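Report on one structure; see the data block that follows.
Readers should treat all values here as calculations from the given coordinates under stated rules, not as data from a laboratory. In this text, all values refer to a predicted model and were calculated from it rather than measured experimentally. Quick reminder, even Gly has a Cβ in these numbers, built from the backbone with ideal geometry, and neighbours come from all protein chains shown.
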């Protein structure tokens, strides 16, 4: 299951997210979204854990947890609708 992690501080690293999520089960991959030029965290990232049970436990255990003085927002990632469409003139 892919998990969205929001309200991340600019200095947050992938390793910090791995360390937070590992107590709940195996972490398949982690991605912290970063600014192109500054390499600072954009404030959100994603974690993938195999198995719904471990993922739901991580969401319940980490939502609201403090990291770098900010409460994390942790929930199941939603698939985005395709972009595009018509443009008005």
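Brief remarks on what is shown
- Rounded to 10°, Cα long-axis angle of helix 52-62 versus longest principal axis of the chain: 90
- Between the beta carbons of residue 78 and residue 37, assuming R0 = 41 Å, the FRET efficiency works out to 0.90 to the nearest 0.05.
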